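Colleague: Sending over a structure as structure tokens; questions will come in a sec.
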Amino acid sequence: MKKNILLAIIACASLGSWSCGNDEDTLGTNSDSDSDSDSDSDSDSDSDSDSDSDTDTDTDSDTDGLCVPSPLIPSNPIPTDGATGVSTASTDTLNWMDSYLATHYDVYLGTDCPAPDYPDDQYEEVIESEITGLSLVPSTTYCWKVVAIDDAGCFTEGDTWTFETICPDPTPPTVVSATTASYLAGSSSYIYTLIFSEAVQPLTTSDLTWAAVTGSGTLDSVTQVDPLTYDIEFSGAVNGDEYTLTVEISVVDVDCGVPLDAAVDISIYVNSVCELTGGTNTTHSLPMDPYWNYSYAQSIYTPSDLCGAGTITEVGWDYNGSVSSTETIVVYLGHTTTSTFAGTTSWLPVSSMTQVYSGSISLTTTAGFTSVTLATPFAYNGTDNLVIAVDRNTGSYISSSMDFYAASVSGNVSIEVHSDGTNYNPSSPPSGTLRAYLPNLKIEY
């Protein structure tokens, strides 16, 4: 018996199983137990069927598997989150770091904070990790949010970022175009060019007031030429009319929305006479100098100094009326692209001009414009500068108090020479004196 038990133990050990019994009865029934275990395992069909069914219908697990991994969360915004002092003048783009696996992005940018829940119609799709072409409003807090999306439609929402803009230049805009404008009567419509010191928000007729001092002309339209410049068209004006065009304080600049300091009035005249007035200086020997026996001078006027194209029939200068005198002069008119005289010998050639008058001019003790009627009317084209040359050949001097009025300007727009002993030849004048003065002028068309 002991021998049989020992053999059984050795057999169990050789099979690698230590579930064998330790008495005779157990060893005798071990094969039955093994058979039962195998049978139970083989017949567990219900468990296998249930497990297969559960796996096949687990749809949530399948969907999750398509979005693993998802795009990385958007990061590194520019401007940085919470940034202040963002300039609207230099910021027209927002960007962020490319998100791994993202093929495009949906972006929200607005002033409603926090950003709306995604998805929402306020999000716009972009391909690159930036949004461009922005026109940001100064002194405004913006919120923005980026959602990274891959080809499968899986997405990762970023954080809501903010930044605050500032006004780069709080200086109010100003009107820099002339506040007095004269127009030659006879046109069906006219244009005043309004120019500002900086870009302003688009101008409309509601930003302007048109008032007739005399006349029944009307303001018709406003056309933007560039951010600083607008053409103001009016019509129905006739000879002798006067109007006031008021630029209202509703005009604001682009950068900061800063309005004009005050409304600006522009006086508009429509007539057949063009006058350039306002100069009060008398120390320039222009356009002639009666205190000397002889003088010769040239002065350059720009189109903005004049009243447009037309045939000039009379020219006059603003005399101070100190002494009466009759002067002998020759007058030349010409077109030129030169705007200032570069040096003391930079006379414009008289051969490029037209002699329009040769004779006398009567100066009286009544201050004001004294004119001559041109023997040869001059057709001014309205686009080039106009040079006027006056050659005084009187041969005697009258009084040091005799002067003509001129305006002080920024450039050397005039050149002159005078003498008691030399009657100058306009074809070959000597070195002259440069003058940053422009004589007051009256032109009749």
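The values are calculated or read from the model by the stated rules, or taken from the named source; none is laboratory data. All of these numbers come straight from a predicted model, not from anything done at the bench. Note that each Cβ is placed from the backbone with ideal geometry, even for glycine, and that neighbours are counted across all protein chains shown. All accessible areas refer to the heavy atoms of the entire protein, side chains included, with ligands and DNA or RNA removed. Shrake-Rupley method; radii C 1.70, N 1.55, O 1.52, S 1.80 Å.
Colleague: Which value, in debye to the nearest 20, describes the size of the charge dipole of the chain about its Cα centre when Lys and Arg Cβ atoms bear +1, Asp and Glu Cβ atoms bear -1, and nothing else is charged?
Modeller: 6440
Colleague: Ok, one more. Could you point to the residue in SER216, ALA375, THR205 farthest towards the positive end of the chain's charge dipole, with +1 and -1 charges on the Cβ of Lys/Arg and Asp/Glu respectively?
Modeller: Farthest towards the positive pole: ALA375.
Colleague: Also, quick follow-up: Would you work out if the range 160-276 is rounded, prolate or oblate? Take a ≥ b ≥ c from the square roots of the eigenvalues of the alpha-carbon gyration tensor; rounded if a/c is under 1.5, else prolate when a/b is larger than b/c, oblate otherwise.
Modeller: Prolate, since a/c reaches 1.5 and a/b exceeds b/c.
Colleague: Write out the chymotrypsin sites (Phe, Trp or Tyr not before Pro) in the range 274-343 meeting two conditions: DSSP loop, and at most 12 other Cβ atoms within 10 Å of their Cβ.
Modeller: Within the range 274-343, no chymotrypsin sites (Phe, Trp or Tyr not before Pro) qualify (loop, at most 12 other Cβ atoms within 10 Å).
Colleague: I'd like the GluC sites (Glu not before Pro) in the range 240-294 restricted to DSSP loop residues with at most 16 other Cβ atoms within 10 Å, sorted by number.
Modeller: GLU248
Colleague: Set the Förster distance to 30 Å, then compute FRET efficiency between MET97 and ASP226 from the Cβ-Cβ distance, nearest 0.05.
Modeller: Rounded to the nearest 0.05, the efficiency is 0.20.
Colleague: List residues of the range 302-335, by number, whose backbone nitrogen lies under 18 Å from a label position 7 Å along Cα→C-beta of THR365.
Modeller: 319-327
Colleague: Also, quick follow-up: Only loop residues by DSSP count here, and only those with at most 16 other Cβ atoms within 10 Å; note down the GluC sites (Glu not before Pro) in the range 119-162 that meet that.
Modeller: Sparse-neighbourhood loop GluC sites (Glu not before Pro): GLU128.
Colleague: Then there is this: Give me the net charge of GLY236's neighbourhood, meaning all other residues with Cβ under 15 Å from the Cβ of GLY236; Lys, Arg count +1, Asp, Glu -1.
Modeller: Once all neighbours under 15 Å are counted, the net charge is -4.
Colleague: Report, in deg cm²/dmol and to the nearest 500, the calculated mean residue ellipticity at 222 nm for the chain, where each DSSP H run with n ≥ 4 adds -39500 (n - 2.57) and the sum is divided by the residue count.
Modeller: After summing the helix terms and dividing by residue count, I get -3500 deg cm²/dmol.
Colleague: Expressed in whole Å with the largest first, what are the equivalent ellipsoid semi-axes of the range 370-445 derived from the C-alpha gyration tensor as the square root of 5 times each eigenvalue?
Modeller: For the range 370-445, the ellipsoid semi-axes come out as 23, 17, 15 Å.
Colleague: Quick check for you: with a 1.4 Å probe and neighbouring chains kept, what is the accessible area per residue of the chain, in Å²?
Modeller: 51
Colleague: About the Cα centre of the range 208-305, how large is the charge dipole given +1 on each Lys and Arg Cβ and -1 on each Asp and Glu Cβ? Please answer in debye to the nearest 20.
Modeller: Computed about the Cα centre, the dipole is about 360 debye.
Colleague: Past the 21 angstrom mark, what percentage of all C-alpha to C-alpha distances in the range 97-172 do you count?
Modeller: Pairs farther apart than 21 Å: 32 percent.
Colleague: Right, another one. How do the peptides 351-358, 109-116 rank, highest first, by the average count of neighbouring beta carbon atoms within 10 Å per residue?
Modeller: Going by the mean number of other Cβ atoms within 10 Å, highest first, we get 351-358, 109-116.
Colleague: Below 8 Å between Cα atoms, with a sequence gap of 6+, how large is the relative contact order for the chain in percent?
Modeller: Here the relative contact order equals 13 percent.
Colleague: Treating the Cα atoms of the range 289-445 as identical point scatterers in vacuum, please give the log10 of the normalised Debye intensity I(q)/I(0) at q = 0.08, 0.11, 0.12, 0.14 Å⁻¹, two decimals.
Modeller: Normalising to I(0) and taking log10 leaves -0.20, -0.39, -0.47, -0.66.
Colleague: When all C-alpha to C-alpha distances in the range 283-351 are sorted into bins of 10 Å, what percent of pairs does each bin hold, rounded to whole numbers?
Modeller: 13, 46, 34, 7
Colleague: Please report the net charge: other residues with Cβ closer than 14 Å to the Cβ of TYR397, K and R +1, D and E -1.
Modeller: -3
Colleague: Now a separate question. Would you mind computing the Rg to Rh ratio of the chain from its alpha-carbon coordinates, Kirkwood style for Rh?
Modeller: Reported Rg/Rh (Cα atoms, Kirkwood Rh): 1.54.
Colleague: Rounded to a whole number, what is D in µm²/s for the range 82-141 from Stokes-Einstein with the Kirkwood radius over alpha-carbon pairs (37 °C, 0.692 mPa s)?
Modeller: 251
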